[in-house]
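The values are calculated or read from the model by the stated rules, or taken from the named source; none is laboratory data. These numbers come from a predicted model, not from an experiment. Positions of Cβ are generated from backbone atoms using ideal geometry, with glycine treated the same way; all protein chains shown enter the neighbour counts.
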């Protein structure tokens with residue numbers, strides 16, 4: 001059933017959506033010539049060849065390295081820009097994402113670890129990064145992968161509440177790209193039951209949700225467990241999403257019920273978790289409801305769901321403050337001025353008291369893009385976002401013992417040196433040898449979605465208006481292009497060409513749908529157009 005392999009291997013046997021069939025050879029199902037596309041696959045091919053050559057392929061799932069190019073050609077948007085690290089990391093992260101596509105008796109799932117780890121659930125799945133999986137994977141052209149994965153969480157014996165998981169919000173985010181109403185409405189009862197399950201296990205009488213830091217995937221945190229900005233923001237985001245899905249389904253009473261739940265959580269997050277003195281969202285302990293005295297990176301989670309008010313934007317000054325979270329290889333998970341901040345090579349390999357974690361970095365950058373798109377504020381600039389994304393891209397490397405530098409993603413980093421911290425700790429511990437290269441190609445964060453919806457600025461909408469707001473500072477790049485983006489069953493191209501000479505389409509920022517221009521601006525900034 002794979003649709004990405006050449007004639008001699010396999011061919012599609014089911015009808016394909018027109019937008020996908022346009023990219024495949026009518027005779028064999030292999031990738032077809034570019035046609036109306038602006039970019040070709042030459043760069044992708046070169047990257048994949050290098051990634052494959054540098055890789056020790058330890059754990060093979062549905063798409064082995066030998067078939068990676070065909071899968072990616074048929075499934076991902078193409079991207080190019082003048083910054084080699086940003087571009088290379090974009091293709092590297094798609095190359096690693098396809099490693100985690102696993103075909104099971106229950107359909108396709110997406111894994112976090114490639115080796116089977118003891119704390120995972122059915123089919124080695126873990127709910128902690130699943131929200132990231134849906135935000136990242138929503139740009140893949142083959143809808144079957146995430147359709148199966150979404151059903152798996154609630155109908156196939158999975159464990160969706162073993163860790164915090166913003167499921168309804170993630171499903172809604174994917175809907176904004178696919179506009180598949182039938183799929184989303186069918187899952188509404190499951191999302192409601194999941195929400196009720198969280199209320200039964202994690203909601204206290206004061207109206208706030210609590211969570212163990214480890215169950216947030218953030219063990220050994222400075223602030224510890226309690227009423228955390230994470231779980232309360234996730235539940236707010238899910239309540240808002242369920243209300244929207246209920247509206248789609250014509251269930252007005254259910255929609256109103258969940259709008260009320262969202263409003264209640266929002267009021268409590270703003271009144272109970274915001275610390276006026278620290279100018280930050282901080283955890284409260286369940287015992288006595290005392291507020292902790294540390295700023296932690298997860299305090300930006302409310303902006304992931306557009307929960308805060310404009311006045312709260314002052315918190316973002318900490319992202320660029322070297323005494324706050326700023327570090328060369330990604331933001332630290334706790335503020336550096338705090339006495340309990342540390343980057344330790346002793347003890348537990350997964351500590352959230354200082355190291356940089358791609359999970360939190362990705363969440364923070366999604367939140368930052370929301371801030372820059374949806375709020376009037378002066379605490380964070382487009383250049384700040386651009387710098388943070390470049391820093392994140394620069395962390396995706398490892399120097400091997402022979403001195404060769406290769407693209408790499410793992411669990412957590414020393415934020416000052418870029419060394420993959422958990423990997424070093426586990427290598428020095430005999431017990432850490434249980435899983436060879438446990439964190440290699442770790443699928444616990446997003447990157448490609450940050451490029452698409454943040455940097456290039458495609459802001460998914462529930463209607464036929466295409467909104468693009470690139471977060472590239474004026475004068476920084478003379479050109480970039482995102483091509484073959486499956487969106488609302490069309491193929492979009494977004495390109496910026498300062499002089500008009502790079503792509504030959506004229507100077508400026510342009511958006512094309514199926515090859516037809518729908519928006520243009522001479523300057524780099526927010527534009528919109530309607531799909532034909």
Considering each residue of the stretch 167-188, count those that are surrounded by fewer than 20 Cβ atoms within 10 Å (Cβ to Cβ) and not in a helix (DSSP H, G or I), and give that number.
2
Mind telling me which of the residues 205, 251 ends up being surrounded by fewer than 20 Cβ atoms within 10 Å (Cβ to Cβ), more than 30 Å from residue 353 (Cβ to Cβ) and touching a residue at least 40 places away in the same chain (Cβ under 8 Å)?
251
Looking only at helices (runs of 4 or more DSSP H) that fall completely inside the stretch 43-143, which ones have 2 or more residues that are under 24 Å from residue 412 (Cβ atoms) and touching a strand residue (DSSP E or B) at 6+ places or on another chain (Cβ under 9 Å)?
84-99, 130-137
If residue 304 passes every condition in (1) modelled with pLDDT of 95 or more; (2) closer than 17 Å to residue 214 by Cα but one, which one does it miss?
(2)
Does residue 56 fit the bill of being in contact with a helix residue (DSSP H, G or I) (Cβ under 7 Å, 6 or more places away or on another chain) and in contact (Cβ under 8 Å) with a residue 60 or more places away in the chain?
no
Would you mind telling me which numbered condition in (1) in contact with a helix residue (DSSP H, G or I) (Cβ under 7 Å, 6 or more places away or on another chain); (2) in a loop (DSSP other than H, G, I, E, B); (3) buried (at least 21 other Cβ atoms within 10 Å of the Cβ) residue 300 fails?
(2)
Can you spot a residue in the stretch 268-281 that is surrounded by fewer than 21 Cβ atoms within 10 Å (Cβ to Cβ), under 18 Å from residue 220 (Cβ atoms) and either modelled with pLDDT of 95 or more or assigned by TED's automatic domain parsing to the domain that holds residue 205 (or both)?
no
Could you list, in sequence order, all residues of the stretch 105-133 that are over 20 Å from residue 214 (Cα atoms) and crowded, with 23+ Cβ neighbours inside 10 Å?
109, 110, 114
Quick one: which of 349, 379 is surrounded by fewer than 19 Cβ atoms within 10 Å (Cβ to Cβ) and touching a helix residue (DSSP H, G or I) at 6+ places or on another chain (Cβ under 6 Å)?
379
So residue 213 ticks every box in (1) surrounded by fewer than 20 Cβ atoms within 10 Å (Cβ to Cβ); (2) under 24 Å from the mean Cα position of the chain (by Cα); (3) within 17 Å of residue 348 (Cα to Cα) but one. Which box is left unticked?
(1)
Whether any residue in the stretch 322-345 is part of a helix (DSSP H, G or I), surrounded by fewer than 22 Cβ atoms within 10 Å (Cβ to Cβ) and either under 22 Å from the mean Cα position of the chain (by Cα) or at negative phi (or both) is what I want to check.
no
Only one of 478, 464, 483 is touching a residue at least 12 places away in the same chain (Cβ under 8 Å), in contact with a strand residue (DSSP E or B) (Cβ under 7 Å, 6 or more places away or on another chain) and surrounded by fewer than 20 Cβ atoms within 10 Å (Cβ to Cβ), namely 464
From the list 359, 341, which residue is outside the structural domain of residue 233 (by TED's automatic domain parsing) and in contact with a strand residue (DSSP E or B) (Cβ under 8 Å, 6 or more places away or on another chain)?
341
Select, from 108, 113, 92, 71, the only residue that is within 17 Å of the chain's Cα centre (by Cα), within 30 Å of residue 461 (Cβ to Cβ) and modelled with pLDDT of 95 or more.
92
Scan the stretch 222-239 and tell me whether some residue there is surrounded by fewer than 20 Cβ atoms within 10 Å (Cβ to Cβ) and in a loop (DSSP other than H, G, I, E, B).
yes
Suppose we filter the stretch 148-166 for residues that are farther than 26 Å from residue 213 by Cα and touching a residue at least 40 places away in the same chain (Cβ under 8 Å); how many remain?
3
What number of residues within the stretch 303-318 are out of contact with any strand residue (DSSP E or B) (no Cβ under 9 Å at 6 or more places or on another chain), surrounded by fewer than 22 Cβ atoms within 10 Å (Cβ to Cβ) and touching a residue at least 60 places away in the same chain (Cβ under 8 Å)?
4
Looking at (1) more than 23 Å from residue 99 (Cβ to Cβ); (2) part of a loop (DSSP other than H, G, I, E, B); (3) touching a helix residue (DSSP H, G or I) at 6+ places or on another chain (Cβ under 9 Å), which is the one condition that is false for residue 446?
(1)
